[in-house]
Structures are given as structure tokens and as C-alpha cells.
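No lab work stands behind these numbers, since they all come straight from the coordinates. None of these values were measured; they are calculated from a predicted model. So basically every Cβ, Gly included, is an ideal-geometry build from the backbone, and we count neighbours across all protein chains shown.
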Amino acid sequence: MKHDYDLFVIGAGSGGVRAARIASLAGARVAIAEEYRIGGTCVIRGCVPKKFLVYGAEFSQMLADAPGYGWTVGRATFDWPTLRDNVQKEVARLSGIYTSNLAKAGVTAFEERAELVDAHTVRLARSGSELTAERILIATGGRPYLPEGLPGLELGITSNEAFLLEKLPERVLIVGGGYVALEFANIFHGLGSKVRILHRSDKMLRGFDDDLRAHMHIELERGGTQLTMKSTLTKLEKDGGAIRATLSTGEKAGADIVLFAIGRDPNTEGLGLDRAGVKVDDAGAVIVDEFSKSCVESIYAIGDVTNRMNLTPVAIRDGHAFANTIYNNLPTPVDHSFVPSAVFGRPPIGTVGLSEADARRSFESVDIYRTNFRPMRNMLSGNQERTLMKIVVDGKSGKLLGVHIAGSDAPEMIQLAAVAVKAGLTKRQWDSTMALHPTAAEELMLMREKVAAPGSGP
């Protein structure tokens, strides 16, 4: 045999594991290497543990709402170590399942870092072994970006460390305004911490629909999160057992932890891509074609390391499509359009398709339907949180271009709305669906009046 393996996968996250399993089940000799823990970002330090923390944080609002529904709730207390440790037990269980599934599929797993030597060779960092493969798949994901050169940077943490804190901080300063920042703001605020967000722009959630961005700003402040916009961090210093942060405004802010959530970079540093001749873009992402092939015939890349669309289901689809294309004789390009996404903030967001601004840049005529209301579940409790729903439509064809929701259960609703948007249904077909009463989701079926102008509210 010319090579040790038919396929060597670097990175055992959701995408890499899916590609390895499908390729192996198709008859390929497959190996995979993971330098940290099998399962990758989503399972170990991302989507899964984050969602469990979100669930834990939601109980504080449930307890606050309970008296309006006749429940007398005694003095409730929260124990961070219990939640933290239970989450990590589940993470370990899931990592074990990933490991077991690889073995059942006949994949050889190396739990150490792998780097490229050339277009067909990888070196295992700990053992020093060099192995060859007909094809190599890069699936190393992304890593949190940190502002190099910031004085006191070592005092801050990223989302990686947030899951393993020794104790729940009383004061949290979150630097950033993207979905990771908002999700951890929701988590810490819901668990009882005092939260402040520091963001360099005047709006959060860049890339999302502007109405959603404005709505989240209002609801975060309504819920008690302090927002400091158009400001940056210039220095961190120790202040006894806490941290003193200096802002670009000159203000000194105290915090028990400072969490950097200012983006993620493709995890390609030190991987040896240059030795193999693989081209990357300015952000360090592997440049690939529609079949995830790099400029080197034998090297492919999937998931966040390509910086196409950084979502776990996308990485899984990329990995499956790669394996089908190469090992099942089913050429499968991945369509990255109309992919639904969620932000598990407070309130949560579900979104799919084009924002209003993007639609107006791409289409001659755009119709907007929007509603803003207090959901039924909040009426008896006195909870003032509101729900926003918005539909973006091609004014000429009537096709749905985007659906955007901020409110309770928004991520659950958007998954099914994505089917309609992906299928190219029209607003007329959407409206012909009978509403389900009483639900918040029925409001999606009842928006019949067009908004008069961009940005005008109901």
C-alpha cells in the first residue's frame, strides 16, 4: 500500500468526526487526530455546555414569574459548582460517545496534535511519528481571538475558560458585542452576576437584521445588563482579588472576571499548511472550492477553519458532503445559503435568510412585515420582555427572503421557518397556513400589513 491511510483527518470536532466515520464506513482506511478532547469546540467548550448553562440561567426568570401564576416560592439559592460539574459530566459522556462511534466505524484515533509535513504526510507532535495518507482533511475549527499587546491581557479569560470557573463571579465585564458576548451575558446575569458589556461599536450583533439588533439592545438594558457602547479596553490591572479595567473613555471599571468575546480566528497557526503549499486568506482560513478542496489536490478543509459559515451543523454537513464526494462517488457541494442560526441571549434570537438591509441591496423591491408584542406567557407575571418578529419578502415575486425572531422559543420556531425560506415559498403560501392558537408562533401567520418604510415600527 502506497500510504498508511487513505484519509487522515486533523481535528476531531463535529465535522471531522462525521467525515472520518462516513469515509471509514465507505471502506476507506481512516485515522483522525485531536490535540485536546474528542468532540471539538461544540461538544467540549461551545454549543453543548453553553446551552446547559443557558438552561440553568433561565430558572431565575421562571422563579421571578412564578408568583403571578399563584406559586409561592421560598428563598431560592444557586450553587455554581453543582451546575458546572454536572455540565462537565455530560460533556465527558458525549466525548466518550464520539470516541466510541469512531472506534465502531473502524477509525484509528490519535489523541495528540498533528501537523502537516507535506501534502501527504502528518507528524504527531507528542510521539513524533510520521504517517502518510492519500488525502488529508483539515477540520481544526476556530479559536477565540485575543487582542495581542493589551496590557494585562493575561488577566482576562475567553469562553474556553468560562465553563470551568472555580466560583461564580459577582461582577462580569464582557468585551465584545457578538453572539458569544450576548449568550454569556445571559448566562451570568441569569445566574446572579452583575454584567456589563463593553463594545467598540454603537450596535451589537453585526451582520444581523438591524431591527433585531435594536430590539436586543432595549431588552438587555430592560433586563438589567449594563451596556457601554463605542468604547474599548485599554488596560487590565490586578486590584486585590479582582480586576481593574481601564476603558478608552478613561473610566476605571471593577470586575471579578473579564471575558473576551471579540471573535474567533481559524485555527491554522503552526499547522504546517505552508509546508504543504496550502493557501490561506488574510484571516488564516483555508481557501477551498465548493467541494472543500484546497489548492493542493490531496488536501481538503471543512468547518470553521474555512471561515465560510461558522456553525456546527454546517461543519457536519461539510464533513458528510466531503466523504460522499470522495468515498461514496456522490459529488456533493454544500449550499451555504439560507442557513438558520440562533443566539441564546435574553431574549433568544432565531434568524434565517437575508436581513432587510441585505435584501434591499440585492432586490429591486422589498416588502417588510413586522410585529412587536408582549407574549401571552408574560401577562400574568408582569414580565415586560417583548417579542419581535419580522418577515422580509421579495416585492416582485413574493418569495420569502428572511425571517427574524427575538423572543421566547425563537430558535425552535426558526428551524421550521427555515424550511419555508429554503424552499422558496411565497408570502401568499405562508399566509395560507392556518395559525395555531394560542401560541406566539401564530403571530408569524398573522402579519398581513406591510411596514410603510425601512425602520418604521408598528
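Taken over the range 162-193, the criterion of being surrounded by fewer than 18 Cβ atoms within 10 Å (Cβ to Cβ) and touching a Gly at 6+ places or on another chain (Cβ under 8 Å) is satisfied by ARG171 alone.
Among the residues making up the range 178-228, those that are under 17 Å from the mean Cα position of the chain (by Cα) and over 16 Å from HIS404 (Cβ atoms) are GLY178, VAL180, ALA181, GLU183, PHE184, ALA185, ASN186, ILE187. Just wondering, is there one or more residues in the range 266-282 that are within 26 Å of LEU198 (Cβ to Cβ) and more than 24 Å from the chain's Cα centre (by Cα)? No: zero hits. Please work out if ASP304 is farther than 30 Å from GLU443 by Cβ, outside any helix (DSSP H, G or I) and either under 25 Å from the mean Cα position of the chain (by Cα) or of a type in the set (Lys, Arg) (or both). In short, no. Against the test of being free of Cβ contacts under 8 Å to residues at least 12 places away in the same chain and not in a loop (DSSP other than H, G, I, E, B), the options ASP265, ASP274 yield a single qualifying residue, ASP274.
Among the criteria (1) touching a strand residue (DSSP E or B) at 6+ places or on another chain (Cβ under 7 Å); (2) on the phi < 0 side of the Ramachandran plot, the one GLY353 does not fulfil is (2).
I'm checking my understanding of the structure. Among residues of the range 56-97 that are of a type in the set (Asp, Glu) and more than 28 Å from PRO375 (Cβ to Cβ), which one is surrounded by the most Cβ atoms within 10 Å (Cβ to Cβ)?
Of all residues in the range 56-97, those of a type in the set (Asp, Glu) come to 58, 65, 79, 85, 90.
Filter once more, so that each one left must be more than 28 Å from PRO375 (Cβ to Cβ): 79, 85, 90.
Details: ASP79: 9, ASP85: 12, GLU90: 14.
Residue satisfying both the conditions and the ranking: GLU90.
Just one residue in the set ALA315, ALA342, ALA359 is under 30 Å from ALA31 (Cα atoms) and surrounded by 16 or more Cβ atoms within 10 Å (Cβ to Cβ); that residue is ALA315.
Confirm whether ASN310 is closer than 30 Å to LEU25 by Cβ, touching a helix residue (DSSP H, G or I) at 6+ places or on another chain (Cβ under 7 Å), polar (S, T, N, Q) and surrounded by fewer than 20 Cβ atoms within 10 Å (Cβ to Cβ). Quick ask: steps written out before the conclusion?
Working: closer than 30 Å to LEU25 by Cβ: yes; touching a helix residue (DSSP H, G or I) at 6+ places or on another chain (Cβ under 7 Å): yes; polar (S, T, N, Q): yes; surrounded by fewer than 20 Cβ atoms within 10 Å (Cβ to Cβ): yes.
Here the answer is yes, as ASN310 does meet what is asked.
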